[in-house]
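The structure under discussion appears below in the form of structure tokens.
The values are calculated or read from the model by the stated rules, or taken from the named source; none is laboratory data. Note that this is a predicted model, so its numbers are computed, not measured. Note that we place each Cβ from the backbone using ideal geometry, even for glycine, and neighbour counts take in every protein chain shown. Accessible surface areas use protein heavy atoms only, side chains included; no ligands, DNA or RNA. Shrake-Rupley method; radii C 1.70, N 1.55, O 1.52, S 1.80 Å.
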Amino acid sequence: MKNETVMEKAVAEPVSPAAGAEQNGSGQRSHAHLDTKAPAEKKKARAHIEDKRFKIFSGSANRALAVEICKHIGISLGETKMQRFADGEVYFQLLENVRGADVFVVQPTCNPVDQHLVELLIMIDALKRASAGRITTVVPYYGYARQDRKDRPRVAISSKLIADLLTTAGANRALFMDLHAAQIQGFFNIPVDHMFASPVMVSYFREMNLPNLTVVSPDAGGVERARFFATKMGAPLAIVDKRRTDINVTEVMHVIGDVEGQTCLIIDDIVDTAGTLVKTVDALLDKGATKVYACASHAVLSGPAVERIANSRLEELVVSDSIPLTEAALKLPKIKVRSVAGLLAATIESIHMETSVSSLFN
């Protein structure tokens, strides 16, 4: 008897370079066309279109981001076919030749984390068996990154396990954005490029020209990230001392630094349930801060996160599109989205052309 499968919505339609829309600071999308490009950009786009060995594919985790990346580069998203059996098992097929090609797979391992991770592993395996020349995993959000060490007895170092899985599947190179812990790069025995969303975020907050600005790290682990941001903004740095009592449960202890009469900007990499964020906002306001803004690279926004942010005293939360936002998050005026598609596109181009990516940090 022929096996029956349950089909998900196809994720394999070819996408033209001009399709889709570019995201602005308010989270809205405005139409963009290749015709508006400068002659040099048009020439570069034509060169990439003619380069049959440069290909980008996407899983189902954040297809919209992959489309935007392809628009910036000037190529079409690779054609694939993804189905699921009735029990949820993934079936994946490439619909074009990749033999000898330099291939990039865009797939954040966001919710549902395990499902998107398995998709990524299967896509890498399919590319390897189709004789792709080089496979680079582009993971804007790296799931399991918070489990990077043994902080308690008898626990797994899950982020190391994921690194081993990606490498064993056949990845030759990896590109990440704002890893929760920078040392995760050392878990890989393949080249890793670690990019940051901060150039996009710094540009946004410079335009806001916030008065008496103080940049705040919500914990000791994020000091380096916040210090970089503070240096770029020319602002002083404060730190919130917190203690994690359980998974997704933290207790704010006290604020290190003078925030009285200041506009505070909290810099973090992940906003999950938003419990820590809301407590940090309250702690800063209780210490005399006039207004509090927040910036995070990855808007996980699990469970009651959106409701907590809506009911909090936070002025605004700015996030990237590394993870697709829920409808509730997109409708909340306090949450603004800045696209990192252009930054990722420039990094992918540099990797393909084998040029330095250092300049992109600025």
- Dipole axis of segment 97-180 (+1 Lys, Arg; -1 Asp, Glu on Cβ), positive-most option in Ala145, Ile157, Gly100: Ile157
- Query: Which cross-chain or sequence-distant (5 or more) residues have an amide H under 5 Å from the amide H of Thr214, H modelled 1.01 Å from N in plane?
  - Reply: Thr263, Cys264, Leu265
- Item | Solvent-accessible area per residue, Å², over segment 128-258 with all protein chains present [probe radius 1.4 Å] | 50 Å²
- Item | Relative contact order computed over segment 230-362 (Cα-Cα under 8 Å; 6+ residues apart), in percent | 17 percent
- Out of all DSSP beta bridges with both ends in segment 125-276, state the antiparallel percent to the nearest 5. 30 percent
- Item | HN-Hα J in Hz across segment 125-142 - Karplus 6.51, -1.76, 1.60, θ = phi - 60°, x for Gly and Pro | 4, 5, 5, 4, 6, 8, 6, 4, x, 8, 10, 10, 7, 9, 10, x, 10, 9
- Message: Using the Karplus curve 6.51 cos²θ - 1.76 cosθ + 1.60 with θ = phi - 60°, what ³J(HN,Hα) values do you get for each residue of segment 173-181, in whole Hz, with x for Gly and Pro?
- Response: 7, 9, 10, 10, 10, 6, 4, 4, 9
- Item | Surface per residue (accessible, 1.4 Å probe) for segment 299-349, Å² | 38 Å²
- Item | Highest average packing first - 309-317, 105-113, Cβ atoms within 10 Å | 105-113, 309-317
- Message: List the pairs from Lys291/Lys331; Lys242/Lys287; Lys55/Lys128; Lys55/Lys331; Lys52/Lys128 whose alpha-carbon separation is above 24 Å, in the order I gave them.
- Response: Lys55/Lys331
- Item | Peptide ranges 341-350, 265-274, 80-89, 321-330 listed from the most packed, as the mean C-beta count within 10 angstrom indicates | 265-274, 341-350, 321-330, 80-89
- Percent of accessible area on segment 273-348 owned by carbon and sulfur, 1.4 Å probe? 50 percent
- Carbon/sulfur fraction of accessible area - segment 63-201, other protein chains in place, 1.4 Å, %: 50 percent
- Message: How big is segment 64-207 along each principal axis, measuring the range of its Cα positions in Å and listing the largest first?
- Response: 47, 43, 31
